[in-house]
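Enquirer: If you scroll down you'll find the structure; I have some questions about it.
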Amino acid sequence: MLFNLFGKKGDGENGQLFKDIVWLDTPAKYQGLLAICKKEPEIVFIGWFIDTIIAFRNFLKENGIDENCVKDAKTVSGHQLVGRPVIFLEHYPLYEKEKALVEELQIGQAVVHGALDEAVFVHFGSEKMMPMIKMLGFKASDPIQHSYVTSSVKKAQEKMAAKVVVEQSANSQAAWIEKNLKEE
């Protein structure tokens, strides 16, 4: 199950390195991020995969926002982030790789915006959650945010890590899963 809604309580939001904000789909996520960007023009967005980076840069450009606020996780440095709020555009499938970057950049708690239609969520059955989420009255514009979500994402990343023998790079989450989790 993607979200362990009734599992035991984790460390709590303050004890977690990551804070997840999950949208029902990518268009809703982009609209939510655009609203944040308009309120906080100093924000920096970090993407793990070039396909995500290009798509979000194009979206910002179409909406009159300077796309240079979107950085690649492979090349971003701490001096680019000093005094600026940071949002990750997606999760990297391996928790330890995410954790290492967040610690290197000295971000504190990393905020990650995801969408249930992204490959990592789909891989763990997000489509099965959609009827329940809609039944609870969530709209596309309502992000899901809870420490249980963050704990579930971490567990999913750890499950993926256990299956990767030699990691192969990719341009998107979907391609990464295809290349690295072949046996599933």
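The values are calculated or read from the model by the stated rules, or taken from the named source; none is laboratory data. Everything numeric here is computed off the predicted structure, so don't read it as measured data. In this analysis, Cβ positions are derived from the backbone assuming ideal geometry, glycine residues included, and neighbour counts consider all displayed protein chains. The area values use the complete protein model at the heavy-atom level, side chains included, leaving out ligands, DNA and RNA. Shrake-Rupley method; radii C 1.70, N 1.55, O 1.52, S 1.80 Å.
Enquirer: Being farther than 9 Å from Leu94 by Cα, open to solvent by 80 Å² or more (accessible area, probe 1.4 Å) and touching a helix residue (DSSP H, G or I) at 6+ places or on another chain (Cβ under 8 Å) is the filter here; which residues of segment 153-167 pass it?
Expert: Passing the criteria: only Lys163.
Enquirer: Now for a different question. When you go through Ala156, Ala170, Ala162 one by one, which is the residue that is assigned to a helix (DSSP H, G or I) and within 22 Å of Asp51 (Cβ to Cβ)?
Expert: So the residue among Ala156, Ala170, Ala162 that is assigned to a helix (DSSP H, G or I) and within 22 Å of Asp51 (Cβ to Cβ) is Ala156.
Enquirer: So is Gln145 touching a helix residue (DSSP H, G or I) at 6+ places or on another chain (Cβ under 6 Å), touching a residue at least 12 places away in the same chain (Cβ under 8 Å) and farther than 18 Å from Ile53 by Cα or not?
Expert: On the way: touching a helix residue (DSSP H, G or I) at 6+ places or on another chain (Cβ under 6 Å): no; touching a residue at least 12 places away in the same chain (Cβ under 8 Å): yes; farther than 18 Å from Ile53 by Cα: yes.
For Gln145, the condition - touching a helix residue (DSSP H, G or I) at 6+ places or on another chain (Cβ under 6 Å), touching a residue at least 12 places away in the same chain (Cβ under 8 Å) and farther than 18 Å from Ile53 by Cα - is not met.
Enquirer: Which condition does Asn171 not pass, out of (1) in contact with a Leu (Cβ under 9 Å, 6 or more places away or on another chain); (2) touching a residue at least 24 places away in the same chain (Cβ under 8 Å); (3) open to solvent by 20 Å² or more (accessible area, probe 1.4 Å); (4) not hydroxyl-bearing (Ser, Thr, Tyr), if it passes all the others?
Expert: It is condition (1) that Asn171 fails.
Enquirer: Here is a further query. Could you check segment 46-152 for helices (runs of 4 or more DSSP H) lying wholly inside it with 1 or more residues that are β-branched (Val, Ile, Thr) and open to solvent by 30 Å² or more (accessible area, probe 1.4 Å)?
Expert: Helices (runs of 4 or more DSSP H) meeting the threshold: 50-62, 119-123.
Enquirer: Tally up the residues in segment 40-60 that are closer than 19 Å to Ala110 by Cβ and free of Cβ contacts under 8 Å to residues at least 40 places away in the same chain, please.
Expert: The number of residues fulfilling the criteria is 2.
Enquirer: Among (1) modelled with pLDDT of 95 or more; (2) closer than 25 Å to Leu101 by Cβ; (3) within 15 Å of the chain's Cα centre (by Cα), there is one condition Leu2 misses while meeting the rest; what is its number?
Expert: So the condition that Leu2 fails would be (1).
Enquirer: Still on this structure, I have one more. Is there a residue in segment 119-138 that is in contact with an Asp or Glu (Cβ under 8 Å, 6 or more places away or on another chain), among the small types (Gly, Ala, Ser), at negative phi and free of Cβ contacts under 8 Å to residues at least 60 places away in the same chain?
Expert: So far as segment 119-138 goes, no, none of its residues is in contact with an Asp or Glu (Cβ under 8 Å, 6 or more places away or on another chain), among the small types (Gly, Ala, Ser), at negative phi and free of Cβ contacts under 8 Å to residues at least 60 places away in the same chain.
Enquirer: Would you pick out the residues in segment 26-35 that are open to solvent by 40 Å² or more (accessible area, probe 1.4 Å) and among the aliphatic types (A, V, I, L, M)?
Expert: Across segment 26-35, the qualifying residue is only Ala35.
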